[in-house]
Amino acid sequence: MRTLPYLLSVVITLAITLLALNLFGVDITIPLNFSGDALVHYNFAKNIEDTGWWLSNPRFGAPGNQLLYDFPLTEIVHLTILKFLIFLGLNWYMSVNIFFILTFPLTTIVSLYVMKKMGIKTYIALPLSVIYAFIPYHFFRGVNHLFLAGYFTIPFTVLAAYRLAINDPPSNIQAILLGFVIALSGPYYVFFSSFFIITGLLIGLSKGFGRKLAYKAGLLLFSLVFFFTLSLLPTILYNQKYGENLNATIRVPADTEVYGLKLIQLLLPIEDHNLSFLNKITKQYLAYGFSTTVNENQYSSLGAISSIGFLILIFWIIFKPIWPKLEDSLKAKLNFLGALNLIAILLATTGGFSLIISTYLNPTFRSVNRVSIFIAFFALVALGFLLQNIKKAKWALFFAWIILPVALFDQISQGTMRNFLNKPEDYHKLVEYAQKIEESIGADGKIYTLPFGQYPEGSDKKIMKVALLTNTVSLSTGAERWRAVNFWQYKVSQMDAKTLLETIINEGFTGLLIYAPQYDNQKLMEVEQVLQITPLTSFDGEFRFYSLKNYIENNNITAKPSGLFYYISGKCLHDYSQETNKLTGFWCIDKAHVVIENKSTKEMNKTLSLVIEYPDTGVKEIKRQIVIPSGNSVIDVGKDPSNSGVFPIPHGQVAWPPNLGYPNFIIYGVEILD
C-alpha cells in the first residue's frame, strides 16, 4: 500500500500531461519544438545516439569534429536518462520528447515523497505535488531549456535543508546521495541549493551548536561540491591541455540585472491566460513600457495557488506575532519556509545580493529569476502545512483536492503551451528537404554552411534544423565557438565569394548550405553569380543548398586539405561584433596560447606572425619560426616583461567580466605563414 500513492500520482500526472498536449494539438511523434535552444538539446541527444555520449559528433563541425567541452553540462542525471531512453530504442528526438513528458511524473513523485517526509499527509501532499509538476515554469522552459524543466530534484534540496534546520541531519550515506543527486542536476540548481542548505544549517545551529549537525552538513556540502566538480572534469582537463576558452559563454554583471527576479512577475497571471480579464492584467503591464525589461524572467509566474502560498510566507515573516495561535511545530515549519523564501527573494530580486556576486566575484549565474521554481515549492509546502492544520480532516481533504483543478485551469493555457505549437506538415517537409540534400551530394558528402556562426549561441543554430535530419553527410555547423575550426570558418566568412568557394572546396567540401534570412543578401547574390546554378530551396525559402560538384569539375579544382587550424586561447577575450561580423583583436591577461591542430601526419615548418599592442611600448609585429608536429600543439605568447601597464577594461564589443582583472596586451592579428 505504500507504493499506491506514488502509482496514483504517476497515473494522474501522465494523464494530465498527455491530455494537455492533445488539447493544444501538440504532436509528440515529432520534435516538440524545433527551434531556438531546443535544437541544441536535440543535438545532445543526437550525439548520444551517434557516439554514445553528448560531448562530440564527427558529422558536425567540419572540417573537424564537433566538440562541446567548452559548454559543460553537469546534468548527468538527465543525460543518463536520455541515454537510457536511446538504449531502449528511441531515436534522438523521441528520447527528448519522452524525457520531457517523464519530468512531470518524476516531479510529482519526488515532491510527494519530500512533502510526506516533512510531515504532510498523503491526501494533501498528492494534489499539491501534481500542482507543482504543472507550474507554468515547466511548460515555459520546455525543450528549449530541457534540463531546467527537469526540476524534479529540487524537493531534495528542501528536504536536506529541512533536516538540518530541525537538527535531524541525514545519515552519512543519505548526505552523500543527496549531494550526488543535487550536484548532477544542473549548475543553477546547485548554485541556489547551496544557499538554501546553508540557511537550513544556520537555522539548526541557532538552536544550539551541534558537532554532529555541523559534520553532516559539511559532508553534504562537500559531496555537493565534489560531484559537481567531478561532472566538470572533462572540461577542466580539456582546458588544461588546450587552454581556456573564455569566449564560449561570456557573462557580465549587467546580465544579472536584466535577468533578475521581479516580484510582480511571480504574481502576475501568465500571458494568454484562459480567462480574458486575467490576460488583460498582464497585457496592461507589458503595454506600459515594461516589455523592454521582460525576457525569460516572465517564466517565473507562480500561478494563483502558489502565489497564495508565497504571499502567506511573506505575511508570516512580517506579521507572525499577530497571527492566531498555532502549534509550535507548525510555527517552526513556517519559520523555516519563510526564511528560505526570504533568502530567495533577497538573493535573486533585481538589485539583490546576487548582483554583488556577479559584480565582485563571478557573473556566471546571471539568470537568477530561475530561483522561482524553488519559491513555488516553498509556497506549496506552506499551503500543505496550513491545510493540514484544519481540524476536520474531511475539509482539509476537500480543499486540497478542489484547488487542483483550479490550479490546472490557471496554469495550463495557450500562454504556457506556446513553445509546443509544432507544425507536423512543416517538419515533414523539412525532413524531405534534408533527404534531397543527401541524395544530391551522395553518401559521405561534406557541406559547408553559412552564415558564420558561433554554436550553440550563434546564427548557425538555425542550420542545425537541417543538420539533425541528415544521416550520411558531414556539415560545418556546430563547430566549437572560437576554437580552431571555428576560427578558420571566421576567416573564410571574410573572403569574397570566389575565394570562399575555392577555399572550402580545397578543404574537401562538395556542397554549400545557406540559411538565407540571416546571410547578407549581397553576398548571397555574389555566391549565386559565381556558381551559376539553381539552388535546392526549402519549402519556406529559408534554406538554399548548392551542389558544388559541377563547379568543381568545370573549374578543375582538386581538394587539397591544409589540415592546419589554429586559434587563440588562454585568459583572452575576443573583440567580435555580431552586427558587423568582424573580429578586431584578442584582449589578454599575462599569457595567451596559440593552439595549433595539425590534422596531417607530417611535421610542418611555418612562420607564426603576431601583431601585439602593449600599454607601454605600443604595437609590435612578432614573427617566429616554428615546427608544427602532427596532432595538437600549444605555443605560449606572454606579455612583454618590460611592460608593467594595463589597458582600461574595454567597454565595446568585449563583454569583460570583472573577476578577470585588467588586460595587459592585445593581439590584433595571428597568422601561420609558409
Residues other than Ile505 with Cβ under 12 Å of its Cβ, Lys/Arg counted +1 and Asp/Glu -1, net out at +1
In order over the range 527-540: 3J(HN,Hα) from phi, Karplus 6.51/-1.76/1.60, θ = phi - 60°, whole Hz, x for each Gly or Pro, gives 4, 5, 5, 6, 6, 6, 9, 7, x, 7, 9, 5, 4, 9
Of all GluC sites (Glu not before Pro) in the range 565-674, the ones in DSSP coil with at most 11 other Cβ atoms within 10 Å are Glu579, Glu603
Straight-line reach check, Lys331, cutoff 26 Å on alpha carbons, 8 or more apart in-chain or any other chain, hits among lysines -> Lys116, Lys117, Lys121, Lys207, Lys212, Lys216, Lys320, Lys391, Lys392, Lys394
The answer for the net charge of residues other than Lys429 whose Cβ lies under 10 angstrom from its Cβ, with Lys and Arg +1 and Asp and Glu -1, is -3
Inter-part gap, Cα centre of the range 474-500 to Cα centre of the range 58-124, in whole angstrom, is 33 Å
At the level of C-alpha centres, the distance separating the range 125-158 and the range 310-368, in angstrom, is 20 Å
Listed by chain and number, the residues whose amide H is under 5 Å from that of Leu246, excluding neighbours fewer than 5 places away on the same chain and using placed H, are Gly570, Cys572
If each part is reduced to its alpha-carbon centroid, the range 200-273 and the range 617-670 end up apart, in Å, by 32 Å
If every Lys and Arg gets +1 and every Asp and Glu gets -1 at its Cβ, then about the Cα centre the chain yields a dipole, in debye to the nearest 20, of 2800 debye
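Read the figures in this text as sums done on the coordinates, not as results from a lab. If you're wondering where the values come from, they're calculated on a predicted model, not measured in any experiment. Because the Cβ atoms are built from the backbone with ideal geometry, glycine has one as well, and the counts that use them run over all protein chains shown.
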